[in-house]
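Data first, discussion second: the structure below is written as structure tokens.
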Amino acid sequence: MNNNNVNVSAIDRALAAAKARKAAKEASSPSPMQRKAEKTEPKPDAATKAAAKAEKEAQKAARKAERDAQRAARKAVKDANKADKKPAHMKKVERALSKLASLSEATQLLFNEITCNIDAAQIDALALHLQHYNRQMATVNAMKSQMLRIGETVLITGGDPKFIGMVGKVVKSRQLRAKVEVAGQKKLVYIFTGQAEVVSLPAVAVG
């Protein structure tokens, strides 16, 4: 009898545990009514999905446009700074131009006509011809002119444009060439004798 009672109690406990598990499972799982309600909930239609996708794409495009605009603005500022800053070699060219002797109005018009109407090769050839002509005439004039005397004060009238108009003293002289000492110049100025004029200095009173 005791064994039978123990077995019955164990069976009762097992049944009770099974009922408890079933009740817990039913409580945690949705009821038939809940499942039916979930099935009847409207799902997003194609138009709603397309609208959401379009909005997302529009936001993405707007962000890209903003980045592109900022990049373009930075590039514009950079290009403007480059335009204001001239290359080093162009600065050298402009400095060289500033050292050239000025042209008369008639000569400037002739220069403009030549540079606008003939090609670079002919301009180079013309420049060499003019340079040769200048040297030839300087030699001829030097042969015609009197030899400069050492110690004479002269006005430089030809040769290197940066020395034209300067006054100096003859320190070396030959038939065609002379060297002139000019105040402020480290080197002697080398000229043809026909590229200088003797300057008459005013007499200085003595006593």
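The values are calculated or read from the model by the stated rules, or taken from the named source; none is laboratory data. Remember, it's a predicted structure, so these values are computed and weren't measured experimentally. Note that each Cβ is placed from the backbone with ideal geometry, even for glycine, and that neighbours are counted across all protein chains shown.
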Only one of (1) surrounded by 10 or more Cβ atoms within 10 Å (Cβ to Cβ); (2) out of contact with any strand residue (DSSP E or B) (no Cβ under 6 Å at 6 or more places or on another chain) does not apply to I150, and that is (2)
If we keep just the residues of region 181-194 that are within 45 Å of the chain's Cα centre (by Cα) and among the β-branched types (V, I, T), which is surrounded by the most Cβ atoms within 10 Å (Cβ to Cβ)? I191
Taking only pairs six or more apart or across chains, which ones have beta-carbon atoms under 9 Å, a first residue in region 122-142 that is surrounded by 13 or more Cβ atoms within 10 Å (Cβ to Cβ), and a second residue that is of a type in the set (K, R)? A142/R177
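Just to check your reading of the model, which residue among L155, L100, L109 is hydrophobic (A, V, I, L, M, F, W, C), surrounded by 10 or more Cβ atoms within 10 Å (Cβ to Cβ) and under 29 Å from Y190 (Cα atoms)? Please lay out each step first, then the result.
Working: L100 fails: surrounded by 10 or more Cβ atoms within 10 Å (Cβ to Cβ); L109 fails: under 29 Å from Y190 (Cα atoms).
Among L155, L100, L109, only L155 is hydrophobic (A, V, I, L, M, F, W, C), surrounded by 10 or more Cβ atoms within 10 Å (Cβ to Cβ) and under 29 Å from Y190 (Cα atoms).
Could you check region 53-155 for helices (runs of 4 or more DSSP H) lying wholly inside it with 3 or more residues that are modelled with pLDDT under 80 and either among the aromatic types (F, W, Y) or more than 30 Å from Q175 (Cα to Cα) (or both)? Spell out the reasoning first.
Working: elements: 88-98, 105-117, 120-144.
In region 53-155, the matching helices (runs of 4 or more DSSP H) lie at 88-98.
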